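The values are calculated or read from the model by the stated rules, or taken from the named source; none is laboratory data. Every value quoted in this text rests on a predicted model; they were computed, and no experiment measured them. When we count neighbours, we look across all protein chains shown, and the Cβ atoms used for this are built from the backbone with ideal geometry, even at glycine.
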Amino acid sequence: MAETEVSKKRKRPIVRLAVLLLSHSVLVSVICCTAGVFGLLLLPVLAKNTYISENALMPGSASSMLSNQEVSEANKLIKELNNLHSNPLGATTESHGIIAKYMSNLGAQVNNHKFHPQLNQFHPLHFFSGPDSGVMQENSTRSLYGINTVGIIRAPRGDGKEAIVLVTPYNAVKGGVRETLSLGIAYSVFSLLTRVTWLAKDIIWLVADSQYGEYAPVAAWLRDYHTPAFSNLDSLNTETCHVGNNNFESKISYGIRRSGTMAAALVLGVAYGNENEDTLGIYAEASNGQMPNLDLINIVHYLAVHRQGLRVKVEQFHWLLNSKWVKSLGEVFESLGKMVKTLNPDWKLGISAADYVEGAATLASSLYHQALGVPTGPHGAFRDYQVDAITLEFSLRISFDRLDRRNDFLLHGGRLIEGVIRSVNNLLEKFHQSFFLYLLTSPSKFVSVGVYMIAFALLVAPLPVVAASLYAKTLDLNPTSEKDKSATSNELGSVLQSWKWLNSVKTVFVVHFWGATVSLLPYFISQIPDSDPTTNFSVWILLSILSLEILRWILVSPSSHIYGLPQGEWAILKSATISSFFIGLGLMSVINFATAEIGALLMVPMALMAHPLKLDVRGQSLRSILRMICNLVLGVISFPPATFFVFKGVIEGFSGIKAGDFWNWVESLWAWNSATYLYIEYGNIDRLSSDKRESNKDAPLLSCGMLLLKEFA
Amino acid sequence: MAILLSRRSNLLAVVVLLLCQLFLYATVSSSGSVLKQGGGEEFSEELLLKPFPDRKVLAHFHFQSRAPHSSSHGRHHHLFPKAIAQLVKKFRVKEMELSFTQGRWRYEQWGGFDPLSSNNAKPPGVELWAVFDVPQSLVDVYWRNLTHTLSGLFCASINFLESSTTYSAPELTFKPSFGNLRYGTLPREAVCTENLTPWLKLLPCRDKAGLSALMDRPSIYRGFYHSQRLRLTSSESGSDEVDSGIGLDQTLTVVLQPSSWRTGKTYSVETNIQPSWSISSIFGRNIPGKCVIAKSSNVYLQLDNGLVGELKNLERENAKYVANTFESEGFQSNHAFKISVTPDKVFEEVDNLHGKSTSVIYGFSVEKYSDSQPFDLGLTWKIPVVWSCQQAPLHASRFLMGSGNERGAIAISLEPTESSEGLPTSHIIDGRCELRVDIFQVVPWYIKVYFHTLQVFVDKQPRAMADVVDKIRVSPSKDKVSPGVMEMILKLPCGSKSAAFSLEFDKGFLHIDEYPPDANQGFDIPSALISFPSFNARMNFSEDEFLNNSPILSKFQHALQRHHHYMHSICIVFWIIAQCASEAC
């Protein structure tokens, strides 16, 4: 009987499928969400081995030319710099002079670059300004300046259209052996490269003055390299600086010298290791989840492991390594993998539990750093100019005091850098062959965009389904009530009825608007002089609540349709919210996948569960009470400050948490223009639909999202 | 049977005899013409060597062939390459220059003011310009045909210059012309031996004898700069007896590092003593005498004025050498360096307007050397000398601004060099001291330059364009038809510390088949040209008969009135839409 009806209507299969999904929206959302979370947990299992995709790179095909000769020359530089540190007076200027002297003795072109460190400040409208409008500095920072030293080797037969950059952060004031060692590595490579004949790209060595942080000098140099301000009257680099008392110092120009487009950049650092072997740490995450081309990591990994015998590691969440549930999850996957193997020996899903834990810890860290949007090192500055860059941090198992050990270290480090540069030098095109969108689960394993997007899509899929089914339900409800009334007024009534969702959209928009206001508030709060983070935070909360009340008074309360309205009303509101939420997440996943993924993990369950508290209270049944509790817990957890504190508590223990921490965190995020900032204000609008008095934060800032899209595109 | 055979052999013998006679006659007649060539065609070869401050050595080969105008001599040539003569005749070429270059001329270290660098420093890749003696409407057709011919002649992709998107017709800044000049460059053309071999084929002795025998391929391509150039001038007969006919100047300019890097290690950083070198150590060969049919064959060693000045200073310091003045000793064996061969002639630059120090050129004639006793010139340094080459008044650099896949800006920045203060600057017009600078820049059509966004900054202050730009000629690009050309004549106030120009552009959206292979390499914007017309790039030598016979030295004396400087090409990477076809997506 039913079948004949359907066949009479001749609905197309896709429509039938949609109807089926809508009618079982609860089941669909439960299945999809579970599958999404499961898919995310499965990612370490699905990771593939990395491989060098660009054939032109040919890493390690030429034998290393770096010899002890260069190392002993580098040792001379290290010795001279270390001697300077023993008498700190005047070490700053002299160390620049020494480095510049060594560079120009090699035949490189040397210049100094003077910069003012930019204090971390809120620039709420920074999105609007183009890259070439120079950022105005406050007068207070005028007196502070740092000096970068830049040496350029021109490729013998190259045409100077491309360059490879080598960066060594160096703090002349309190730089220790660590930093001079990284200078030593760079110097040994640099001195070799002045003599080789195979060089096709220019080499730029930037000794970044890291007394104001490692990021600031690199970013300042890149800014002046790419977008110089021609009309700056009191420009820094015109004034010649006669600080040094030797003649050589005054000969170095302060004008910026250029080479061509940068093909790749390597940032070198040395750390005291506490491990059993020499390791090399790779840091790749740049601002807003941008990653360098995977090939760059691949060649470093290949050369470090197969040529220099270093152990390569990428960042991990160490607290995850010891966590029990990850371990047991790993065991589950291990046994699952074994079971799958018995079914079909060709399916290689098996992964040992230990590997799973390692992979999960690395993946979580990778996801976290990409989501946070704060670069993990000075290499982040390069990515803003579309230059592939990574930070390499060498760590040694014993101290650097023994000379033979140190020479050995310099030789290995130098040969690694030489190999990487030689590989990049082989490149005819810019890096494009391998992946830009990936998550690392180990230095040699990665999850590509095609895989991790599935998990995200599953997680987000219920949103449109639920929104549509809610809307469909209200439509089903209302026409029946209309039919009871007179048939004459139907025309106008049904038109009004079908545009009813506009009202809910208005509410959603107002809440979003309020969210945008709240997210701009810190800019004004930060103008308050002499305030500590805790008071700032409380002022922020107070102002937010105040503005919410004002908004409600102006816009929402006159209609006061939230309360005492038929059941369909809140359903439409919820469906509008969910749709806007879906659009927001979809956009965000294009800009920064990790942010969208974490956001979806927090928000999707809450968005789906949301139900007016009042109705639940009235309901009195076990089911509605359970739902109420779930809603409350989810609502609290996904309230951004709460999320932050819970997360921090899990990692570091609940003891030392202060309210001001959140403010500091927000401040840093803003300073880095992080897209995650959007989520701070990302609260549950759904709670708003359930009960307004349970006031709370807020709304996805879609408008801001669009601006960010423009900024980072 | 036997009879038949013998008859055949007889016949064969007769034919062979006849052929032999013919051949003999031919060779005798040709050698005879070589001997009596004095009135007609002539060929001379020269080599100039010059040490550079950064421990490198410049070797500049110059081969000059001249032929009287073909109408008077029919179509037969003895020395002059027939291919070139035909080309000149067929395409009515009045003047032409073709250069193949690898590497950059380093203006800061190798100088940019002397006639040598301003004539021979060329942009990387291929550069071709030609002036035609035809009506303006036909110039483009002749240019297209010329590029194809040259392409075949030199085994290079010069034929890509036929497309109207690649060449332009400068009017203001490049050379005085009347609409019949065409200029085109291929910034990414690789230069190799396959281009050198046809170039050598134009020489009467090829590389078998004479100075060109030095051209050991590995050593000349190992250098830091390599530029092979061919310049043609032709004039109608009758106007001037000396200049009429076709002149072909072939030059090869290489900058080499005398010692290999292995041995270069041994010098310590503290003593900046220059490496000693000899012809055989640089090239790995000696000069086995002159090319027999060359009118003259000379080697010169030039010490530029910075070096001579520095040497004189050192001389003065060492009182005991006071007796050895440069003039008397000829400078060849003093406390600073030693030349292994006694020079035949010493030329000193005279009356250099600003200089106390003048450059010195030693001349060596190769004629008396032979295979058994090859010519090998060596220079041995005894004490460290530090000097710098004379630089052009302004140091020009061009770079890209901005990042991203959509838009950017081209910036040109000019900064005065140290030497410019001492120069007899520029012209005083209306009581104002001004420096004239010409800029010529070609931009391919897919870089959509907005010429109205031209911004001018002098001394870090924005200026109105009319204040600085005397004349400007802009021809905007047409999509897929012609490149954008900008020519500017600037008048910069003297003593300005810096000048900068910026032009914004959008990157064009290309159709997928408009991308070249290896599209992610990006596109090159050809080198821009900057010249200083108010400066004379010439050297004055005391009048000497010898000078007029020497192509290099007479070039020095009657150099171009312009300083040409190239701002090296820059590379713009376009976002490739088709990229996702690769595995990554």
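For the reader, a short list of remarks on this structure follows.
- Flag if residue A:223 is part of a loop (DSSP other than H, G, I, E, B), within 14 Å of chain B (Cβ to nearest Cβ) and at pLDDT 85 or above: no
Condition check ((1) in the same structural domain as residue A:599 (by TED's automatic domain parsing); (2) buried (at least 21 other Cβ atoms within 10 Å of the Cβ); (3) of a type in the set (Phe, Trp, Tyr); (4) over 22 Å from residue A:594 (Cβ atoms)) across all residues:
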| site | (1), (2), (3), (4) |
| --- | --- |
| A:424 | no, yes, no, yes |
| A:431 | no, yes, yes, no |
| A:449 | no, no, no, no |
| A:470 | no, yes, no, yes |
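- Of A:155, A:208, A:172, all but one fail to be part of a loop (DSSP other than H, G, I, E, B), small (Gly, Ala, Ser), in contact with an Asp or Glu (Cβ under 8 Å, 6 or more places away or on another chain) and more than 14 Å from every other protein chain (Cβ to nearest Cβ); the exception is A:172.
- On the stretch given as region B:179-195, residues that are touching a residue at least 60 places away in the same chain (Cβ under 8 Å) and either out of contact with any Gly (no Cβ under 7 Å at 6 or more places or on another chain) or not basic (Lys, Arg) (or both) total 9.
- Annotation note: of B:197, B:166, the sole residue that is among the hydroxyl-bearing types (Ser, Thr, Tyr), within 30 Å of residue B:514 (Cα to Cα) and at pLDDT 90 or above is B:166.
- For region B:139-161, a residue qualifies if it is more than 23 Å from residue B:473 (Cα to Cα) and free of Cβ contacts under 8 Å to residues at least 40 places away in the same chain, and the qualifying residues are B:141, B:144, B:147, B:148, B:151, B:152, B:157, B:159, B:160.
- Any hit, region A:355-364, residues being more than 23 Å from the chain's Cα centre (by Cα), surrounded by fewer than 23 Cβ atoms within 10 Å (Cβ to Cβ), away from chain B (no Cβ under 14 Å) and farther than 27 Å from residue A:188 by Cβ: yes
- Boolean, residue B:41 is buried (at least 20 other Cβ atoms within 10 Å of the Cβ), under 16 Å from the mean Cα position of the chain (by Cα) and at pLDDT 85 or above: no
- When region B:392-403 is limited to residues that are within 14 Å of another protein chain (Cβ to nearest Cβ) and within 28 Å of the chain's Cα centre (by Cα), the one that is farthest from residue B:309 (Cα to Cα) turns out to be B:400.
- Some residue of region A:401-413 being in a loop (DSSP other than H, G, I, E, B), closer than 26 Å to residue A:169 by Cα and either assigned by TED's automatic domain parsing to the domain that holds residue A:225 or among the charged types (D, E, K, R) (or both): yes
- Residue match in region A:434-443 (condition: among the polar types (S, T, N, Q), farther than 20 Å from residue A:163 by Cβ and more than 9 Å from chain B (Cβ to nearest Cβ)): yes
- Set A:216, A:155, A:172, A:186: member being within 27 Å of the chain's Cα centre (by Cα) and of a type in the set (A, V, I, L, M): A:216
- Counted residues, region B:104-131 - those being within 13 Å of chain A (Cβ to nearest Cβ) and surrounded by fewer than 22 Cβ atoms within 10 Å (Cβ to Cβ): 3
- For region A:376-389, the count of residues that are modelled with pLDDT under 85 and more than 30 Å from residue A:589 (Cβ to Cβ) is zero.
- Qualifying residues in region B:488-539 (those that are closer than 25 Å to residue B:104 by Cβ and hydroxyl-bearing (Ser, Thr, Tyr)) - the one farthest from the other protein chains (Cβ to nearest Cβ): B:531
- Members of region A:176-193 found to be at pLDDT below 90 and closer than 16 Å to residue A:103 by Cβ, listed by number: A:180
- Residue A:91 more than 14 Å from chain B (Cβ to nearest Cβ) and modelled with pLDDT under 90: yes
- Checking residue B:395 against (1) outside any loop (DSSP other than H, G, I, E, B); (2) under 16 Å from residue A:161 (Cα atoms), the condition it does not meet: (2)
- Only listed residue being in contact with a Leu (Cβ under 9 Å, 6 or more places away or on another chain), assigned by TED's automatic domain parsing to the domain that holds residue A:508 and either assigned to a helix (DSSP H, G or I) or modelled with pLDDT under 80 (or both), chosen from A:590, A:636, A:617: A:590
- The numbered conditions (1) under 19 Å from residue A:420 (Cα atoms); (2) within 14 Å of chain B (Cβ to nearest Cβ); (3) modelled with pLDDT of 90 or more are all true for residue A:196 except (3).
- Members of region B:515-534 found to be in contact with a Lys or Arg (Cβ under 8 Å, 6 or more places away or on another chain) and more than 30 Å from residue B:172 (Cβ to Cβ), listed by number: B:520, B:521
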